[in-house]
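Notes for the one structure printed next.
The values are calculated or read from the model by the stated rules, or taken from the named source; none is laboratory data. From a predicted model like this one, the values you see are computed outputs, not experimental measurements. Methodologically, a virtual Cβ is constructed for each residue, glycine included, from the backbone with ideal geometry; neighbour enumeration extends over all protein chains shown. Just so you know, the surface numbers come from the protein's heavy atoms only, side chains and all, with ligands and any DNA or RNA stripped out. Shrake-Rupley method; radii C 1.70, N 1.55, O 1.52, S 1.80 Å.
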Amino acid sequence: MTAITLPDGSQRQYEAPVTVVDVAADIGPGLAKATLAGEVDGRLRDASPLIEGDAELRNITAKDPEGLEVIRHSTAHLLAQAVERLYPECQVTIGPVIDNGFYYDFSYPPGFTMEDLDRIGAEMRRIVKDALPVSREVWHRGEAIQFFRQEGEEYKAKIIEDLPEGEEITLSRQGEFVDLCRGPHVTDTGKLGQFKLTNLAGPYWRGDNNNEMLQRIYGTAWP
């Protein structure tokens with residue numbers, strides 16, 4: 001049996017491991033639809049992996065401060081997927097959430113223009129419409145490095161090589177797009193859509209002006 005304790009102190013018992021979404025659906029269809037992620041034993045995580053044992057659970061929705069961060073983080077991945085589709089010669093690097101939105105840095109020597117942002121935004125909306133499932137995968141370190149090198153994503157391979165030995169390597173997959181990321185993310189791209197790409201910048205890789213100048217796209221997103 002798996003015992004899930006909810007924020008009000010009530011418990012729900014299950015015969016087998018469950019996901020955050022499973023528990024939300026058991027509570028009600030409205031919560032299942034609204035759930036973006038979960039806080040499991042105090043740790044924010046994706047809503048789709050199994051909870052393997054007894055746990056305390058808080059469902060995260062767009063009404064929670066954490067929900068906005070999940071939306072913006074997931075929209076950064078949406079941006080990167082759209083860019084890879086439109087500019088296959090481009091390499092993705094990092095894409096964090098910031099105070100008022102998010103950004104993603106790309107290795108793309110020709111450079112982006114503000115007109116490119118309109119094209120990228122349109123592709124992002126197509127991906128939202130497709131409601132692609134988003135899944136979290138744990139990979140062996142060497143396999144992940146080899147995968148990204150084969151895909152021509154040298155920056156991602158370097159990031160993994162710089163991680164401490166023994167650190168769990170987690171990848172996020174949505175459709176054909178696979179990215180190195182701890183998460184959490186929304187369960188599918190259909191939960192996104194309220195976003196705007198706002199600006200461009202030219203940072204150096206790792207903040208070192210001896211390295212390549214990257215192309216940074218800024219954006220923001222809302223529930």
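Each row is one residue, and each column tells you yes or no for (1) open to solvent by 30 Å² or more (accessible area, probe 1.4 Å); (2) farther than 18 Å from THR187 by Cβ; (3) not in a loop (DSSP other than H, G, I, E, B).
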site: ASP26; (1), (2), (3): yes, no, yes
site: GLY30; (1), (2), (3): yes, no, yes
site: ARG58; (1), (2), (3): yes, no, yes
site: ALA62; (1), (2), (3): yes, no, no
site: GLU66; (1), (2), (3): yes, no, yes
site: GLU69; (1), (2), (3): yes, no, yes
site: ILE94; (1), (2), (3): yes, yes, no
site: PRO110; (1), (2), (3): yes, yes, no
Considering residues of region 45-56 that are farther than 19 Å from PRO133 by Cβ and surrounded by fewer than 17 Cβ atoms within 10 Å (Cβ to Cβ) only, the residue modelled with the lowest pLDDT: GLU52
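Consider region 99-108. How many of its residues are without any contact (Cβ under 8 Å) to a residue 40 or more places away in the chain and open to solvent by less than 70 Å² (accessible area, probe 1.4 Å)?
If we filter region 99-108 for residues that are without any contact (Cβ under 8 Å) to a residue 40 or more places away in the chain, which is where we start, we get 99.
From what's left, open to solvent by less than 70 Å² (accessible area, probe 1.4 Å): none.
Number satisfying all stated conditions: 0.
Determine whether LYS196 is within 25 Å of LEU68 (Cα to Cα), open to solvent by 40 Å² or more (accessible area, probe 1.4 Å), modelled with pLDDT under 95 and not acidic (Asp, Glu). Walk me through it before giving the result.
Values: within 25 Å of LEU68 (Cα to Cα): yes; open to solvent by 40 Å² or more (accessible area, probe 1.4 Å): yes; modelled with pLDDT under 95: no; not acidic (Asp, Glu): yes.
Taking the combined requirement at face value, the residue does not satisfy it.
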Some residue of region 115-135 being within 22 Å of LYS191 (Cβ to Cβ), open to solvent by less than 20 Å² (accessible area, probe 1.4 Å), in contact (Cβ under 8 Å) with a residue 40 or more places away in the chain and not in a helix (DSSP H, G or I): yes
Where a residue in region 152-164 is touching a residue at least 40 places away in the same chain (Cβ under 8 Å) and its partner, wherever it lies, is crowded, with 19+ Cβ neighbours inside 10 Å and assigned to a helix (DSSP H, G or I), with Cβ under 7 Å and at least six apart: LYS156/PHE148
Neighbours by Cβ (under 7 Å, 6+ apart or cross-chain): first from region 7-21, surrounded by 10 or more Cβ atoms within 10 Å (Cβ to Cβ); second of a type in the set (Ser, Thr, Tyr) and part of a loop (DSSP other than H, G, I, E, B): THR19/SER48; VAL20/THR35; VAL21/THR35; VAL21/SER48; VAL21/THR187
